[in-house]
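Participant: Please find one structure pasted underneath; my questions will follow.
The values are calculated or read from the model by the stated rules, or taken from the named source; none is laboratory data. Quantities reported herein were computed from a predicted structural model and do not represent experimental measurements. Positions of Cβ are generated from backbone atoms using ideal geometry, with glycine treated the same way; all protein chains shown enter the neighbour counts. Remember, those area values only see protein heavy atoms, side chains included, never the ligands or the DNA or RNA. Shrake-Rupley method; radii C 1.70, N 1.55, O 1.52, S 1.80 Å.
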Amino acid sequence: MNLDEQLAYLTKGAEETIRLEELRAKLERSARAGKPLSVKAGFDPTAPDIHLGHTVLIRKLKHFQDLGHRVIFLIGDFTGLIGDPSGQNATRKPMTPEEVAVNAETYKTQVFKILDPAKTVVDFNSRWLGKLTSRNWITLCSKYTVARMLERDDFSKRIKEQRPIAIHELLYPLSQGYDSVALEADVELGGTDQKFNLLVGRALQQEYGQEPQVIMTMPILEGLGGGQKMSKSLGNYVGISEPPAEMFGKIMSISDDLMWRYYVLLTDLTPREVEAKKQAVASGAAHPLEVKKALAGRLVADFHGPKAAKEAQEDFEAQFRYKLLPSELPTQSYKLNAPRKIFRLLTELELFSSNAEAQRKIKEGAVYVASGNLTLLHWERLTDPAWNFDPQQYPEVVFRVGTRRLKRVKFTHE
């Protein structure tokens, strides 16, 4: 890639780059000197399982890695003990060292599904923050003013709402900013909610006599339904450790418009390649369903390998085009001696977490049942939550929720 192509590839999908001309200058200098840039992204190990939303930053690290730069995956085992105030309207409960250690190990295992472990520096910010003396902390605090700290949206809102701000929360941006000083970072990546912390890093580097890092903020990835961010609590996420067929099916459920967003933020395709696919769909040369399958296949292959991606696609096509069952769908035996209201039964079978959710989904038309010949499925939509399901009439069935959740059940009387 020439310099312009590199810039387009590295800034693909980025919300903001501060500053683009500085990134260009750093890349030019790096090429002349044959010295790679140091590119960091920090992750406080607050959650042990990574979903696709978390991988947007990791994918951008990979893009720098693809171009030969030094990538630092920084685990905030020290800052995790403070608790990031970003986006919080109340003081975040600090994690215990034991929780941080367990989650950090999980992160290390999962990120190497995207990054090349041989080319990735994994570091922990306790290595330098844990060694700062009281005098060092006072010096660090002297490099930034209270007025600038309180300009932060999270803090200014809490002051207006008369919500407390603990002193240790003010240390978080300083600690994260000092990471960039300790690592002499050329570029730091973060989510849009991290912009303030990243700017503190730029300011502190200048205070310590270093060239300020370029900061690049990446957008928050929308979940499966669009609109809201991908989140486990909202149930609209795709976990990178989920089974291949489950991951493939979830990705196939997104809208055609959202598909392009996923292509930009979750793949290694260049902007030109993504645009070519988009134009092919717009002109009718490519069907959006096939382009979406290619996206799902790419993402499953990234985390489970090409063979698993091929099998997941075959299962998807068999299930929904040819109405066949997936290749691996074990039969659950369930004792039921008398008719049961369908919403209660579905909850007992753990297809839903509560009776209320089961009733709501049935009313929404999201629940189906197939019985009789289970070689070639004929789906019937359930519409009445109060329907009495009779195991004598339906001794073996397959329940389906939405387009991807399946459960095959054989009813027994013993």
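Participant: Looking only at GLU151, GLU15, GLU184, which one moves most when the chain is put into a Gaussian network model with springs between Cα atoms under 10 Å?
Facilitator: The residue that fluctuates most here is GLU151.
Participant: Lys and Arg at +1, Asp and Glu at -1: add these up for the other residues within a Cβ distance under 11 Å of PHE343 and post the number. Display every interim value, and only then the final one.
Facilitator: Working: positive: ARG340, LYS341, ARG344, ARG360, LYS361, LYS363; negative: GLU348, GLU357, ASP384.
Around PHE343, the charge tally is +3.
Participant: Let me ask something additional. In what order, largest first, do THR331, THR106 sit by accessible area if the probe radius is 1.4 Å? Mind dumping the intermediate values first?
Facilitator: Values: THR331 65, THR106 40 Å².
The residues order as THR331, THR106, largest area first.
Participant: Now for a separate question. Give the aspartates and glutamates reachable from LYS410 as a straight Cα distance under 12 Å; neighbours fewer than 8 places away on the same chain don't count.
Facilitator: Leaving aside aspartates and glutamates fewer than 8 places away in the same chain, those within reach of LYS410 are GLU396.
Participant: Taking a probe of 1.4 angstrom, what is the accessible area of TRP379 in Å², to the nearest 10?
Facilitator: We get 40 Å² for TRP379.
Participant: Could you report the accessible area of ARG405 in Å², rounded to 10, computed with a 1.4 Å probe on the protein chains as they sit in the structure?
Facilitator: Using a 1.4 Å probe on the heavy atoms, I get roughly 90 Å².
Participant: Tell me the net charge near GLY365. Cut-off is 14 Å between Cβ atoms, GLY365 excluded, with +1 for each Lys or Arg and -1 for each Asp or Glu. Could the numbers behind the result be given before it?
Facilitator: On the way: positive: ARG360, LYS361, LYS363, ARG381, ARG400; negative: GLU364, GLU380, ASP384.
Local net charge: +2.
Participant: Another question, if that's okay. Tell me the relative contact order for the chain as a rounded percent, counting alpha carbon contacts under 8 Å between residues six or more apart. Display every interim value, and only then the final one.
Facilitator: Working: 641 pairs, mean separation 59.8, N = 414.
In percent, rounded to a whole number, it is 14.
Participant: How far, in degrees from 0 to 90, does helix 97-111 lean away from the longest principal axis of the Cα atoms of the chain, to the nearest 10?
Facilitator: Around 70 degrees separate the two axes.
Participant: Where does each of VAL264, VAL111 land when they are ordered by accessible area, with a 1.4 Å probe and the largest first?
Facilitator: Numbers: VAL264 45, VAL111 0 Å².
Largest accessible area first, the list is VAL264, VAL111.
Participant: Moving on to the next point. Below 8 Å between Cα atoms, with a sequence gap of 6+, how large is the relative contact order for region 99-244 in percent? Walk me through the numbers before you get to the answer.
Facilitator: Values: 116 pairs, mean separation 22.3, N = 146.
In percent, rounded to a whole number, it is 15.
Participant: Along the positive direction of the dipole of the chain (beta-carbon charges: Lys, Arg +1; Asp, Glu -1; about the Cα centre), which of LEU224, LEU23, THR120 reaches farthest?
Facilitator: The listed residue farthest towards the positive side: LEU224.
Participant: Express the relative contact order of region 165-268 as a whole percentage, based on alpha carbon pairs under 8 Å and six or more residues apart in sequence.
Facilitator: Numbers: 112 pairs, mean separation 20.1, N = 104.
Computed value for region 165-268: 19 percent relative contact order.
Participant: Can you tally the net charge around PHE64? Count Lys and Arg as +1, Asp and Glu as -1, for every other residue whose Cβ sits under 13 Å from the Cβ of PHE64.
Facilitator: With Lys, Arg at +1 and Asp, Glu at -1, the net is +3.
Participant: Using only Cα atoms and rounding to the nearest 10 degrees, what angle (0 to 90) does helix 288-304 make with the longest principal axis of the chain?
Facilitator: Computed tilt is about 70 degrees.
Participant: Under the rule of -39500 (n - 2.57) per DSSP H run of 4 or more residues, summed and divided by the residues of the chain, what mean residue ellipticity at 222 nm is obtained, to the nearest 500 deg cm²/dmol? Write out the running numbers ahead of the final one.
Facilitator: Numbers: 18 runs with 188 residues, N = 414.
Only helices count here, giving -13500 deg cm²/dmol.
Participant: Moving on. If you fit an axis through the alpha-carbon atoms of helix 271-283 and take the longest principal axis of the Cα set of the chain, what angle between them do you get, 0 to 90°, nearest 10?
Facilitator: 30
Participant: Can you give the extra length, in nm with one decimal, that the chain gains between GLU207 and ARG405 once fully stretched, where that is 0.36 nm per residue apart less the Cα-Cα distance? Walk me through the intermediate numbers first.
Facilitator: Details: separation 198, 0.36 × 198 = 71.28 nm, distance 5.45 nm.
Extra length available between GLU207 and ARG405 comes to 65.8 nm.
Participant: If you don't mind, there's one more thing I want to ask. Which entry in [x] -0.72; [y] -0.80; [z] -0.59 is this structure's computed log10 I(q)/I(0) by the Debye sum over Cα atoms at q = 0.10 Å⁻¹?
Facilitator: The value matching this structure is [y].
Participant: In a Gaussian network model over the chain where Cα atoms closer than 10 Å are linked, find which of ALA25, ALA104, ALA308 has the largest mean-square fluctuation.
Facilitator: Highest fluctuation of the listed residues: ALA25.
Participant: A follow-up question, please. Determine how large the accessible area of MET218 is when every protein chain is in place; take a 1.4 Å probe and give Å² rounded to the nearest 10.
Facilitator: 10
Participant: Could you tell me which of the pairs LYS40/LYS119; LYS40/LYS113; LYS12/LYS40; LYS250/LYS341; LYS113/LYS278 are separated by over 20 angstrom between their Cα atoms in the structure shown? Before the final figure, lay out the partial values.
Facilitator: Working: LYS40/LYS119 13 Å; LYS40/LYS113 18 Å; LYS12/LYS40 17 Å; LYS250/LYS341 29 Å; LYS113/LYS278 27 Å.
Listed pairs above 20 Å: LYS250/LYS341; LYS113/LYS278.
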